[in-house]
Amino acid sequence: MKDEYPAFGGFNKNVFKFLNDLTKNNNVEWFTKNRDRYQSELVQPARSFVIEMQDFFNRLNPAIRTEPKFNETLMRINKDMRFSKGEPYRNYFLIHFGKFKMDSEFYVYFDPDGFSYGLFINNGKDDKNFYFKRNLVKYSEEFLTLLVKYNLNNKFELHELNKESKLLEKKFDGDKHLEICKDLKMILIQKSLKITDKKIFSPGFIIEAIKTFSMLYPIYCFSISPQPLKLIEEFEEQFGNVI
């Protein structure tokens, strides 16, 4: 698989221009004419990035999907018009690493005005696969201790996700925001970069992504398992002090 795509050299510098152009020309005719741009400026670098991340995620948690395919790690830019009205294309692009559709997952996200990466937590209270709310109640003290141990407080933004992302706190702090998290249905804990940040377009972003996702993995454990402390213990045994 790695031989099929070039090594990741950073995301394409034209990705935000493409998304801005798409926003202004969101129709099938324009997209058809610009499909090659879509492939070269978004899809190919995204697939190369996913491939570079495979070894890390396979070691971190083999259940996380790492195939560089649409509906696996890449979200299709075209909408399903059976269920959507209006413009046929999304004006954003999402790379995501989870176990199944709507699972809590790690992500990299582009839109015309920004770039972010972090952890999406599905905090749905009525689904047996979503454990975050229950774990925050059962293991509140352990969760707060975890944030201190891994130096996670004040390192990430806290967003609520509905149809759009809404910034709640610029610096997520467990002691201050635990109760807020219990009530949110969909949560983003992320870092954001300006679209001019050179880090986005550098091959070194791989290291940044691995570091960030490693930091957030203990929180991810609280979202995917009724035994988060056991998962974190296994993580520590395998990775040691990765932070």
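The values are calculated or read from the model by the stated rules, or taken from the named source; none is laboratory data. Here the structure is a predicted model, which is why all the values come from computation and not from measurement. All Cβ positions, glycine included, derive from the backbone under ideal geometry; neighbour counts span all protein chains shown. Heads up: the accessible areas ignore ligands, DNA and RNA and are worked out on the full protein's heavy atoms, side chains in. Shrake-Rupley method; radii C 1.70, N 1.55, O 1.52, S 1.80 Å.
Pick from Asn122, Asn71, Asn135: which residue has the top mean-square fluctuation in a GNM of the chain where Cα pairs under 10 Å get a spring? Top of the fluctuation ranking is Asn71. Its relative contact order, with pairs defined as Cα atoms under 8 Å and 6+ residues apart, puts the chain at 19 percent. Of the residues Tyr131, Tyr107, Tyr89, the one that moves most in a GNM of the chain with alpha-carbon contacts below 10 Å is Tyr89.
Contour minus end-to-end for Phe70 and Ser202, with contour as 0.36 nm per residue of separation and end-to-end as the Cα-Cα distance? The partial results should precede the final answer.
Working: separation 132, 0.36 × 132 = 47.52 nm, distance 2.37 nm.
That pair, Phe70 and Ser202, stretches by 45.2 nm at full extension.
Length, then width, then depth: along the principal axes, the Cα atoms of segment 15-78 run 42, 17, 16 Å. The residues of segment 1-113 expose, per residue, 52 Å² of accessible area to a 1.4 Å probe.
Based on DSSP H segments of at least four residues, each scored -39500 (n - 2.57), the chain has a per-residue ellipticity at 222 nm of -12000 deg cm²/dmol. Legend: translational diffusion of the chain by Stokes-Einstein, Rh = Kirkwood radius over C-alpha pairs, 4 °C, 1.567 mPa s; D = 69 µm²/s. A simple charge model with +1 on the Cβ of Lys and Arg, -1 on the Cβ of Asp and Glu and nothing else charged puts the dipole of segment 7-106 at about 260 debye relative to its Cα centre.
DSSP beta bridges fully contained in the chain are about 95 percent antiparallel.
In the chain, the portion of solvent-accessible area held by carbon and sulfur atoms comes to 48 percent [1.4 Å probe, whole percent, DNA, RNA and ligands not counted]. Taken as Cα centroids, segment 205-238 and segment 66-116 sit 23 Å apart, rounded to the nearest whole angstrom.
Remark on segment 37-162: hydrodynamic radius 16.7 angstrom, per the Kirkwood mean of 1/r across alpha carbon pairs. If you wrap the tightest convex hull around every Cα atom of segment 146-243 and split its volume per residue, you get 121 Å³.
Segment 121-169: Rg/Rh from Cα coordinates, Kirkwood Rh?
Using Cα coordinates only, the ratio equals 1.01.
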